[in-house]
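S.K.: The structure is given below, and queries will be raised subsequently.
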Amino acid sequence: MLLIEAGPDEPPGREHREIRDPFPTSVYNPRFSWRGLTAETGVASLSGAQRTSRPFLQGRGVGGSANINGMNVWRGQPGDYDEWADSGADGWGWENVLPYFRKLETDLDFSGPFNGTNGPMPMRRVPPEAWAPFSRTVAQAMARQGFRQIDDYNADFADGFASLPISSLPDRRITPATAYLTEAVRRRGNLKILADTVVQRIHMEGKRVTGVELCPADGPKILRASTVIVACGGVLSPALLLRSGVGPGAHLQSAGVPVVADLPGVGRNLQNHPSINVTSYLPLRSMQPLLQRAIAQNCLRYSSNMAGCAAHDMGLVVFNRTAWHPLGRRIGSVVLSVHKAYSIGSVSLASPDPAALPDIRFNTLHDPRDFDRMVSGLKLILDLLTDPDVKHVRNEAFLPDPRIVAKFGRRTAWNVFRTAFIASVLDIGPLRRALLGDALLDLEALRNDDQALADYVRHRTSLSHHVCGTCRMGRPDDPLAVTDQNGRVRGIVGLHVGDPSIFPSIPRGGMHIQAIMAAEKLADAIKADIQTQRRDGTSG
């Protein structure tokens, strides 16, 4: 088996310190993400002139986006997976996927019928008694809003707030590369890892895979293989298929790519979770302890109760710190996500050049249900932040400048010094208010101004990195299905997709743990195929 990765390999015990850190310090290190990748992420109701492309983070390296993400573990709702099965992904209902969720984890807090006890990925939570002041007080405000407290967010699927499940240890991040590609596994004679190498396209003869074309530093080369498993994520997996001639025939022809298989669904059905946040400067008494490295400690699941929307469709996460540096320890945020979004985007080729990155369009909030729920959810955030007790654990709300956030994001001694200095200056109330100036946000005024709320949503909505759906599973008679229930690409012998791009619809949670669950399940399916082929004397 040859594992080919475009980014670096960070073997267990030798990881870069920013990857090892449970706090996602690595998110601003360009070494661990795709440089130059952009997406049209602006709200779809805005004019084209305002909907410019922005940088879009996707992990690059063995371990993927788990090297840079928050390690949050939301399985979603059982109904998400039953919806997959009903749509044609046979064998992907809740009862089918639960064993794989349990298989991959060792839950350090619970051992019930929903929890794993012997898997490679640790699951833990910051207990409520250890929540930092801002997080704890916002949770108390949630209770006053009528939400109940849940013990285990991944076993009780009702609305309520809970400790946020995370797949890391208190002192270090555990990525899939750390958990699965151990030193013992790496010593196996049948495994080779080829890092820092880009696959430009998949080679096929007729309708059968024959290998891949690589672009290493010493020049292009072709490796022969009868089976190729694509696991580049919800954006880059369809891009690789398109570059290889697998996708909508008309689009491929217009891009100058010879058509190998006309599959209209490749790159369509792009889904993600839109999000928005409100940020406040925190007093010293509200800081999260330095040794608590989780980026967030608690969360809320709730139902919008809007017509045409699923239950349990919304989520909030409370951040008691927002960056690794001293200033980030003084900034708290409440982040809203539409967990069951209905807006659909696409991934397409921007150029016939195999080295070119794809054209990504999310059509954010294009579906009115998404926009309306974002406005309603913003009102809930404002209700929580203007709660009298919460006002005692925060200072002014303000609008962060993304350019400054990015500038301070790199982990350097200079950034430590200057963010510590800025934090000390901002502790002086009059100076803080003067320096923040026009960035200050009057939460009460915003809460009572419907037009201002709508404008805030239009201009401040961003996206999570929970991308899926672009090579979705489905029945043979589904014209937009790209793979079958085992990840096999329609009409191409030996070609598989093994990541969230095969998900028919977005689950009401993240994508981190779902990706690992799917990999475990698809690995069993591929092993069963190989055993059948050996028994029958066939191949492909």
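What follows is calculated from the coordinates using simple rules that are stated; it is not laboratory data. This structure is a prediction, so every number in the text was calculated from the model and none was measured. Methodologically, a virtual Cβ is constructed for each residue, glycine included, from the backbone with ideal geometry; neighbour enumeration extends over all protein chains shown.
S.K.: What's the angle, to the nearest 10 degrees (0 to 90), between helix 368-385's Cα axis and the longest principal axis of the chain?
M.R.: 40
S.K.: From the mean inverse distance of alpha carbon pairs (Kirkwood) and the Cα radius of gyration, derive Rg over Rh for the chain.
M.R.: 0.96
S.K.: Next question, about the same structure. Which lysines have a Cα lying under 30 Å from the Cα of Lys391, excluding residues fewer than 8 positions away in the same chain?
M.R.: Lys391 reaches Lys379, Lys407.
S.K.: Which order do the peptides 117-127, 497-507, 459-469 come out in when sorted by mean C-beta neighbours inside 10 angstrom, highest first?
M.R.: For the peptides 117-127, 497-507, 459-469, the packing ranking is 497-507, 459-469, 117-127.
S.K.: Of the peptides 428-438, 79-89, how do they stack up when ordered by the mean number of other Cβ atoms within 10 Å, highest first? Please list the in-between numbers first.
M.R.: Numbers: 428-438: 11.8, 79-89: 20.2.
The densest-packed peptide leads the list: 79-89, 428-438.
S.K.: Kindly list the residues of the stretch 16-46 that lie in the label zone of Arg186, defined by a backbone N under 18 Å from the point 7 Å along the Cα-to-C-beta vector.
M.R.: It comes to 16-21, 32, nothing else.
S.K.: Related question: Let me make sure I get this right: for the stretch 254-352, a, b and c are the square roots of the gyration tensor eigenvalues over alpha carbons, sorted descending. Under 1.5 in a/c it's rounded, otherwise prolate if a/b > b/c, else oblate. Which is it?
M.R.: The shape class here is oblate.
S.K.: Skipping prolines and chain starts, which residues have an amide H placed within reach, meaning under 5 Å, of the one on Thr210, given they are 5 or more residues away or on another chain?
M.R.: Long-range HN contacts for Thr210: His203, Met204, Glu205.
S.K.: In addition: Given C-alpha coordinates of the stretch 338-393, what is the ratio Rg to Rh with the Kirkwood estimate of Rh?
M.R.: 1.30
S.K.: Would you please give the FRET efficiency between Ala528 and Asp389, computed as 1/(1 + (r/R0)^6) with r the Cβ-Cβ distance and R0 = 41 Å, to the nearest 0.05?
M.R.: Approximately 0.15, to the nearest 0.05.
S.K.: Pull out a ≥ b ≥ c, the square roots of the eigenvalues of the alpha-carbon gyration tensor of the stretch 454-515, then state rounded if a/c is under 1.5, prolate if not and a/b is larger than b/c, and oblate in the remaining case.
M.R.: Judged from the Cα gyration tensor, the stretch 454-515 comes out prolate (a/c at least 1.5, a/b above b/c).
S.K.: Within the chain, what percent of beta bridges assigned by DSSP are antiparallel, to the nearest 5?
M.R.: In the chain, approximately 75 percent of DSSP beta bridges are antiparallel ones.
S.K.: Relative to 2.2 N^0.38 Å, what does the C-alpha radius of gyration of the stretch 144-214 come to as a ratio? Two decimals please.
M.R.: On the way: Rg = 21.9 Å, N = 71, 2.2 N^0.38 = 11.1 Å.
With N residues counted in the stretch 144-214, Rg over 2.2 N^0.38 Å equals 1.97.
S.K.: Under the √(5λ) rule applied to the eigenvalues of the Cα gyration tensor, what semi-axes describe the equivalent ellipsoid of the stretch 411-502? Give them in Å, descending.
M.R.: Ellipsoid half-lengths, sorted descending, are 50, 23, 7 Å.
S.K.: Normalised radius of gyration for the stretch 12-166, please: alpha carbon Rg relative to 2.2 N^0.38 Å, two decimal places.
M.R.: 1.27
S.K.: Same structure again: Determine the relative contact order of the stretch 126-261: mean sequence separation of Cα pairs under 8 Å and six or more apart, normalised by residue count, in whole percent.
M.R.: Relative contact order for the stretch 126-261 comes out at 12 percent.
S.K.: Obtain the nm distance between the two label points defined at Asp159 and Arg475 by a simple spin-label model: each point lies 7 Å from its Cα along the Cα-to-C-beta direction.
M.R.: Calculated label separation equals 3.4 nm.
S.K.: Same structure, new question: Taking only Cα atoms, what is the 0 to 90° angle, nearest 10, from helix 94-104's long axis to the longest principal axis of the chain?
M.R.: Roughly 80 degrees, rounded to the nearest 10.
S.K.: Please work out the FRET efficiency for the pair Thr52 and Arg535, using the Cβ-Cβ distance as r and a Förster radius of 41 Å; give the result to the nearest 0.05.
M.R.: 0.15
S.K.: In whole Hz and in residue order, list the ³J(HN,Hα) couplings for the stretch 270-276 that follow from phi through the Karplus curve 6.51 cos²θ - 1.76 cosθ + 1.60, θ = phi - 60°; x for Gly and Pro.
M.R.: 5, 10, 7, 9, x, 9, 8
S.K.: Calculate how many DSSP beta bridges within the stretch 96-204 are antiparallel, expressed in % of all such bridges and rounded to the nearest 5.
M.R.: Antiparallel bridges make up about 50 percent of those DSSP assigns within the stretch 96-204.
S.K.: Let me ask something additional. Between Gln451 and Val375, with labels modelled 7 Å along Cα→Cβ, what's the label distance in nm to one decimal, could you check?
M.R.: It is 1.3 nm.
S.K.: Another one. Reachable aspartates and glutamates from Lys221, Cα under 18 Å, same-chain residues fewer than 8 places away excluded?
M.R.: Lys221 reaches Glu5, Asp196, Glu205, Glu213, Asp353.
S.K.: Checking the cross-link filter: which aspartates and glutamates have an alpha carbon closer than 15 Å to that of Lys207, excluding same-chain neighbours under 8 positions apart?
M.R.: Output for Lys207: Asp262.
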